[in-house]
1. I need the peptides B:126-136, B:186-196, B:268-278, B:227-237 ranked by packing, meaning the mean over residues of other C-beta atoms within 10 angstrom, with the highest value on top.
2. For B:307-314, what's the mean count of beta carbons from other chains sitting within 10 Å of each residue's beta carbon?
3. For a protection proxy built on the mean count of beta-carbon atoms within 10 angstrom, sort A:209-215, A:437-443 highest first, please.
4. Could you pull out every residue, at least 5 positions away or on a different chain, whose amide H is within less than 5 Å of the one on B:Glu186? Hs are placed 1.01 Å off N in the peptide plane, and Pro or chain starts have none.
5. Need one value for B:418-431: mean number of C-beta atoms belonging to other chains within 10 Å of its residues' C-beta atoms.
6. Just report the Cα centroid separation between segment A:305-337 and segment B:360-380, whole Å.
7. Return the subset of A:Lys158/A:Lys196; A:Lys204/B:Lys171; A:Lys174/A:Lys360; A:Lys425/B:Lys158; B:Lys121/B:Lys241; A:Lys204/A:Lys380 for which the Cα-Cα distance in this structure is over 21 Å, preserving the input order.
8. Would you mind classifying segment B:311-443 by shape? Square roots of the alpha carbon gyration tensor eigenvalues, ordered a ≥ b ≥ c; an a/c under 1.5 is rounded, otherwise it is prolate if a/b is larger than b/c and oblate if not.
2 protein chains.
Amino acid sequence: MGLDSFTPQKRFSTGGGLPINNHDATAAGRNRGVPRGRQLHKTFNNIKITILCGFVTILVLRGTIGVGNLGSSEADAVNQNLIEETNRILAEIRADSDPDDPDESTETGFNPNVTYTLGPKISGWDQQRKVWLSGNPEFPNFVNGKPRILLVTGSPPKPCDNPIGDHYLLKAIKNKIDYCRLHGIEIVYNMAHLDKELAGYWAKLPLIRRLMLSHPEIEWIWWMDSDAFFTDMVFEIPLSKYEQHNLVIHGYPDLLFEQKSWIALNTGSFLFRNCQWSLNLLDAWAPMGPKGPIRDEAGKVLTANLKGRPAFEADDQSALIYLLLSQKDRWMDKVFVENQYYLHGYWAGLVDRYEEMMEKYHPGLGDERWPFVTHFVGCKPCGSYGDYSVDRCLRSMQRAFNFADNQVLKLYGFSHRGLLGPNIKRIRDETTTPLEIVDQLDIRRSVTGKTESKS
Amino acid sequence: MGLDSFTPQKRFSTGGGLPINNHDATAAGRNRGVPRGRQLHKTFNNIKITILCGFVTILVLRGTIGVGNLGSSEADAVNQNLIEETNRILAEIRADSDPDDPDESTETGFNPNVTYTLGPKISGWDQQRKVWLSGNPEFPNFVNGKPRILLVTGSPPKPCDNPIGDHYLLKAIKNKIDYCRLHGIEIVYNMAHLDKELAGYWAKLPLIRRLMLSHPEIEWIWWMDSDAFFTDMVFEIPLSKYEQHNLVIHGYPDLLFEQKSWIALNTGSFLFRNCQWSLNLLDAWAPMGPKGPIRDEAGKVLTANLKGRPAFEADDQSALIYLLLSQKDRWMDKVFVENQYYLHGYWAGLVDRYEEMMEKYHPGLGDERWPFVTHFVGCKPCGSYGDYSVDRCLRSMQRAFNFADNQVLKLYGFSHRGLLGPNIKRIRDETTTPLEIVDQLDIRRSVTGKTESKS
């Protein structure tokens, strides 16, 4: 079955032939639709919040009544002020618009006669960059023989709907700070909506383009979701393997070309070379993204053409898969579909095996024996509704965090007591000759000079 | 009045002649005691939480009742499971000990016959480091002519008591990531309790020591509190000014030497050179820190000897001031008390002037015209009880965040619409020649080569 190219304004092909298997969606993929059971899950969560707040109300009231000696009228006045203050704080934090905002819709009104673009067409970027690099030797694109990488991640600018979400975003960025410090990688943590039309999971596209054009010294832009953790602190991406490629993405060629599965690739962790080809791919990728009728219609095309995809608006991952399938000859020679290590490692099959890994293997492998990245697809700790139970997700993320943190703490002589709790224990006595330990244990010393891929 | 040296087990001098002025404590300093009004404030906060949860309970109940069609017995069973699940999650997250923990008290039991130390005495660290550096040229302590700096910050491993606290910890680390990327500074974000006795604000001491000894390639360790934001993204610390010094700390010599004020210096943002002198100072500083009777007794000495200090356990800042005063001749020749720029900038006098600053001045000044660091002393967004209203603190932190973020977004063509809200606006059209903008606006280009202090 051929796949038509997607262009807005044309009649979309909705012919199909691919079976849609909901099992794929919930078990192994990034499910962003509203699957069966979602409403029930939503109700459960509401009940949970209610019960929790009810308990807190009762407990605090009991404590308060026993503490103060406020008169009732004074208490009423205090209560009223506090109610107002609380409401004001919450309203401002969660407001969709700042009091200073003009009417935002004037800037982004949907105009069906205009095809969306990421920006003015850039040509000759490779040459522009080359000239700039030679004129700016203090900003080289290679440092110590390694190409400069910029890791890009981020989260929305407002507090998470679920408060525990911000705590795990914090742990996730601490985890990334650790990995990147050990490997000389720079980080951009984005909390700004650069383009209102390409919001949500599409927001990475304008961001990646903007960063490429603003940082010519960067050789590779590495996008990583906020719900992905580094779990192999030693492993390094074997960039020399990709000298002939411009996009490195985790996936499975058979799932992609034979099954046309909507989870054949994962856009939660991938690398783009900073070059003209990448700008072109971003331009070709973006048109399904603008929120509203375009994204909705595009979603239907994607569901009709990709195996296992539920019905929902177009997401960036499905759109990329569709693009690479429908314009295979144009793009695939420069795309490396990687699965020799876990550039993206789906969490559900990994987190329960950490103890076994610690017993049998060691960091540096990056694959199923010691996963490079553990990605909490479907957990959505920041939002209200994930595809898995909150309990399971939080426990699993904490385990991944500790599993990684142990590898960092080792140099300092500590380790977590277990994979779930926050406490640490000393694993090595202090010494008057600390530099011996540094020589043995500093992770950066074990990766210096390594450029070949691990088999 | 002479100040006695502090050694545990000896009878402490509690005589004093310094007036204690509570105004200093609450208006301008780090207030960690339980001043008058604290109990009332605590009651107010309890009432706030009660009201808030009561509202949420009511609202969610109204929403829930209208949504589902669960039978009452099924709802009861669901409720019971959810109550248990929620309680279990909260209990595990907030537990003081991991289920796998042995009884922790066996490791840290207070023994009055043992004087606390940070670790075995290290001698000849300067020589050890020098030898190591010459043997490890791939880990130089100077890069591009600049000494290597490691910024160290952190927060507790458990979720904040106040959920909004985690969101502002996230914003604060994003802010630090931005500054450090622009200035080639590495970051360690600590979330581990390295030493149970030196917990809380004292935790930075064992951490700094541990990092010095584990990172001989680092020339300066820069401790920065989690509630401090960079607000001048261009300004660089003029390290060449401190070639003869080993500790750089913000403060006022007259407040220190003449008034012996407990806020004469601020330990929320300071730099230690990685050298033997620093290890010695840390060793001399630590003895007032161990939690329990020692810290309590030490607090009394500090209150008695430092002007304005309320009565509470010993804190690291007061202890350092006391140490430097009582052993002035031993230490002060290597301590630079800096106030030419805001290595620490007390927030209350700054945050309301940001618009005026944007109108009149520009980044790079680092002083009262454009503060280098805005430090939210007393706000405690992560805890339950700060010294200022939650509303005022959150608004002010958001303003500082946006004020700084504007300086980063400028390169990318964006700016926040106002200092309070999350939304941004485009301030420059996209162009087909993006490298011209990079040449004009990249902050790293404006600091390259600058090593002199700014007057």
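Read-outs: derived from the displayed coordinates by stated rules, not from any lab. Keep in mind the model is a prediction, meaning the values are calculated, not measured. Cβ coordinates were reconstructed from backbone atoms using ideal geometry, including for glycine residues, and neighbour counts include every protein chain displayed.
1. Numbers: B:126-136: 14.4, B:186-196: 20.3, B:268-278: 21.9, B:227-237: 24.9.
Most protected by this proxy first, the peptides run B:227-237, B:268-278, B:186-196, B:126-136.
2. Per residue, the number of nearby Cβ atoms from other chains is 0 on average.
3. Highest mean packing first, the order is A:209-215, A:437-443.
4. B:Ile149, B:Leu151
5. Going residue by residue through B:418-431 and averaging, the value is 5.
6. 48
7. From A:Lys158/A:Lys196; A:Lys204/B:Lys171; A:Lys174/A:Lys360; A:Lys425/B:Lys158; B:Lys121/B:Lys241; A:Lys204/A:Lys380, over 21 Å: A:Lys174/A:Lys360; B:Lys121/B:Lys241.
8. oblate
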